[in-house]
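Working notes for the structure below.
The values are calculated or read from the model by the stated rules, or taken from the named source; none is laboratory data. Owing to the predicted nature of the structure, the values given are computational and were not obtained by experimental measurement. Cβ sites come from the backbone with ideal geometry, for glycine too, and all protein chains shown count toward neighbours. The area values use the complete protein model at the heavy-atom level, side chains included, leaving out ligands, DNA and RNA. Shrake-Rupley method; radii C 1.70, N 1.55, O 1.52, S 1.80 Å.
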Amino acid sequence: PIAPGVPGFDESLADAFPYDPERAQALLEESGVGEISFDLYNRNNGVWPLLGQLVQADLQAVGINANLLSLPDAEFFGQLNAGEVPAFLNDWTWDNGDPDNVMFSLYTAPRAITRLGYENARVNELNTQAQVEQDPDARLAQYAEAQQLIVDDAINVILGYPGRVIGTQASVQNLVLSPIGNIVLRDVSLA
């Protein structure tokens, strides 16, 4: 759940849900659940229609029928925030470089219950403790445990984090792109 470049990122969790259609089919058959069909909501702008179609195709390949519903942002977020969406594709924009930005906001706040139907008392405890923990190592340990619980609960799948690059002309000096994608201008000079 914590992105690369942000304290607490755990690379070992990146492969928690590998793409393995054969294993997925075997697990579905083993479970005996039969036909699975649900509405998969996404936004109808930018990369979202294509991403929705790709996820829909991957699910269809293992026998899961995802009915893709692409909505304008206002309608998408309105339904998402009302807790009316069974499954969705969305992203998270890091507002800062602190793990609390995602860990509390997505997995502990009331939003976790409304949007994800998720409530894990231990995750809530760890994320709340980490908000006030002054020892950086203890704080990272709390986030490590919370992330492992979230992955174990399989509440969502992180498809990836976008790489960010920036190009400038040679006369621009000291331009920095932060790990969360912000452009840091405070030391920029034009030579």
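When each of 97, 83, 52, 46 is tested for being at pLDDT 95 or above and either closer than 21 Å to residue 162 by Cβ or under 20 Å from the mean Cα position of the chain (by Cα) (or both), the lone residue that passes is 52.
Listed by first and then second residue, the pairs with beta-carbon distance under 6 Å, at least 6 apart or on different chains, first residue in region 108-123 and closer than 19 Å to residue 87 by Cβ, second of a type outside the set (A, V, I, L, M, F, W, C) and open to solvent by 80 Å² or more (accessible area, probe 1.4 Å), are 113/119.
Here region 132-187 is the region considered, the condition is being β-branched (Val, Ile, Thr) and under 30 Å from residue 119 (Cβ atoms), and the residue that is least open to solvent (accessible area, probe 1.4 Å) is 150.
Conditions tested, residue by residue: (1) at pLDDT 85 or above; (2) polar (S, T, N, Q); (3) within 23 Å of residue 51 (Cα to Cα).
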residue: 122; (1), (2), (3): yes, no, no
residue: 132; (1), (2), (3): yes, no, no
residue: 142; (1), (2), (3): yes, yes, no
residue: 151; (1), (2), (3): yes, no, yes
residue: 158; (1), (2), (3): yes, no, yes
residue: 161; (1), (2), (3): no, no, yes
residue: 164; (1), (2), (3): no, no, yes
residue: 169; (1), (2), (3): yes, yes, no
residue: 173; (1), (2), (3): yes, yes, no
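Here residue 4 fulfils each of the conditions (1) in a strand (DSSP E or B); (2) in contact with a helix residue (DSSP H, G or I) (Cβ under 8 Å, 6 or more places away or on another chain); (3) within 28 Å of residue 123 (Cα to Cα) apart from (1).
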